[in-house]
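Here's the structure, in C-alpha cells; my notes come after.
What follows draws every value from the coordinates through simple rules; no lab data is involved. Quantities reported herein were computed from a predicted structural model and do not represent experimental measurements. All Cβ positions, glycine included, derive from the backbone under ideal geometry; neighbour counts span all protein chains shown.
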Amino acid sequence: MSSPFPRIPDPGVPVLVAFSGGLDSTVLLHCLASQPTQRIHGLEAIHIHHGLNENADAWTAHCAAFCTQHDIRLHIARVHVSHNSGQGLEAAARTARRAAFAHTLQHGHYLALAHHCDDQAETWLLRALRGSCDGLAAMRPLTPFAAGHLWRPLLTHSRAQLLDYAQQQHLDWIEDSSNADLRHDRNFLRIHVLPLLHQRWPQATAVLARNAALAAANADLLNAEDAVLLPDLLDPDGALDINALTAHPPARRARLLRAWCARAGAPPLPERGVNIIERELLPARHDSAACFTWSHTEIRRWRLRLYLHRPQPPWPPDWQPLWSGTAPLILPDGGQLHLESTDHETVPGFPHPLRVRARRGGERLILPGRTHSHPLKHLLQDVGIPPWRRASMPLLCDGEQILAVGDALLAAPLVTWLQAHRLKLRWQYHNNTCI
C-alpha cells in the first residue's frame, strides 16, 4: 500500500482479526502478522462459518491453511443463521456473526475489521438514501464492542490499494460470488453507482468517506451535549420527565429520546417513533395510557413520565413458592426479592416461611396506622406504580394476609418485624420489564 499501515491506537493490546478469507481481511491479517511487535502482544483470527454457501467448508479450510502457514491461531465459529427472524437473511447473518465475535473477544482486546475507504463511501450513501442523519457518520475507526473495541484500521485505504498490496505479496484470497448479487443494495452501489460517480468525480469515494468523518465529529459533539442534558431529565427509576423534555426544542428532544433509549439498552428508536411520541404521547392527557411499540419494546406515557418497557409473559398461575428470607428469591421474570441488613453477615429468616405469588385481582392491604384495608389497585396508584409494572409485583403473604407488595407497600406486622431486626425488604424488578 502506498500509505503506511496505521498503528494500533493502544500499542500492546492483543488483536483478534475477523478473517473471512476475502481480499480485505487477508490483507489486514497479513499486514498485522508482518509486525513483530503485534505478534509479541497477541494476534489471533476468527472465521465465521455461516453454513449458507455451498463453499463454506472450503472457505474455512482456506482460512485454516493461511493461518497455519503464518503461525496464527484461528478460532472457527459455526453459527446458526435464522431464516425466520423477520429481519432478512443478510441481517440475521450479521446478528449471528456479531454474537460470535462478542463471545470470542476477550476483555480489553481489539476486534480488527477490514472495512476500507470504498466500504465507508458505500455505507455513507446507503444511510443517506435511507434518511439516517446520525448514520451519516458511517463506520468509525474505533468503537466499544462487547468486552473490548472494534478497530477498523483500513478506512483510509482504498480497495485498489489493498489489491495492489495483495498482488505484491502474492497472496491468495477467496472470491465470494454473492458480492455480485445485485439484489443487495450495497452490491448495486458498488457495481453500478460508484463507478458512474467516479467517471464524473474521480475523488468521489474519498470525498464521501471524508463526509463520514466530518459527520462523526459533529455527532460526537452533539452526543457529548446529550450526555450532559439527559441525567437532569430522568427520575430515580430512569423514566423521562415530560415537562423537562418539552422545555427543549424538537430537534434536541429527538436526540434526547434516542439517547435515552440507547442508555437503557433498548433498540434504536426509529424516526416514526419520534414522530408518534411528539404527536400523541407528549400532548396526551394526564391519565393517558398512550404507547409506541417497536422491536418488542414500548415507550409508555403515564402521568408526567415516559417509561421504557419490554413486555413479559404473565407469571405461571401456579407459581407461589414458600420463602424463608435467608436467601434471595428469584422471580419468574428474572427479578428477585431479598432481605437487606447492615447489621448481620447472615440475614435472619422469617419466623416461618411466607408464600410469594402474583396478583390475581381484588386484593386488599392494611397499611401501618390504619384500621381498614384498601384495594391494592388504589394503593398502587397512590404510590405512583405504573399500571404495567403492577402485574409483575410479587405479593408476600402469610396465609391469606398480604404483608407486602414488592417493596412499595408493607403491612404493619411486617414493618414491625423488619424494624425489630434492622432489615429492609428489597424487590429488584428485571431490567426487561422496565428498562
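FRET efficiency for K377 and A180, Cβ-Cβ distance as r, R0 = 60 Å, nearest 0.05?
0.45
Could you rank the peptides 369-375, 105-111, 404-410 by their average count of other C-beta atoms within 10 Å per residue, with the highest value first?
The most tightly packed comes first, giving 404-410, 105-111, 369-375.
Can you give me the distance in nm between label points at W294 and S324, each placed 7 Å from the Cα along the Cα-to-Cβ direction?
4.9
Between segment 312-348 and segment 13-35, how many Å separate their Cα centres?
Computed from Cα coordinates, the inter-centre distance equals 49 Å.
If you stretched the chain out fully between V13 and W201, how much longer would it get, using 0.36 nm times the residue separation minus the C-alpha to C-alpha distance?
Separation in residues times 0.36 nm, less the Cα-Cα distance, equals 63.7 nm.
On each of the three principal axes of the Cα atoms of the chain, give max minus min coordinate, whole Å, ordered largest first.
That gives 89, 48, 39 Å along the principal axes, largest extent first.
With n ≥ 4 as the cut-off for DSSP H runs, can you work out [θ] at 222 nm for the chain, using -39500 (n - 2.57) per run divided by the number of residues, rounded to the nearest 500?
-10500 deg cm²/dmol
Rounded to the nearest 0.05, what FRET efficiency do E340 and V193 have when you use their Cβ-Cβ distance and R0 = 41 Å?
That gives a FRET efficiency of 0.10.
Going 7 Å from the Cα of H352 in the Cα-to-Cβ direction, what parts of segment 392-408 have a backbone nitrogen less than 19 Å from that spot?
Zone members listed by number: 396-404.
Separation of segment 38-87 and segment 185-221 by C-alpha centroid, Å?
Centre-to-centre distance over Cα atoms comes out at 29 Å.
With no solvent and one equal point scatterer per Cα, compute the Debye intensity ratio I(q)/I(0) for segment 110-159 at 0.16, 0.18, 0.21 Å⁻¹ and report its log10, rounded to two decimals.
Reported log10 I(q)/I(0), two decimals: -0.47, -0.58, -0.74.
Of the listed peptides 218-230, 380-392, what is their order by residue-averaged count of other C-beta atoms within 10 Å, with the highest listed first?
In decreasing order of mean packing, 218-230, 380-392 become 380-392, 218-230.
Assuming 0.36 nm per residue, please report the length gained on full extension of the stretch E278 to L142 beyond their Cα-Cα distance.
Length gained between E278 and L142: 45.6 nm.
Under unit Cβ charges (Lys, Arg +1; Asp, Glu -1), what dipole magnitude, rounded to 20 debye, does the chain have relative to its Cα centre?
The dipole of the chain has a size of about 1080 debye.
For the chain, what relative contact order do you get, as a whole percent, if you take Cα pairs closer than 8 Å and at least 6 residues apart?
With pairs under 8 Å counted, the relative contact order is 10 percent.
Considering only DSSP beta bridges where both residues belong to the chain, give the percentage that are antiparallel (nearest 5).
In the chain, approximately 70 percent of DSSP beta bridges are antiparallel ones.
Would you please give the FRET efficiency between I40 and R370, computed as 1/(1 + (r/R0)^6) with r the Cβ-Cβ distance and R0 = 56 Å, to the nearest 0.05?
Plugging the Cβ-Cβ distance into 1/(1 + (r/R0)^6) gives 0.20.
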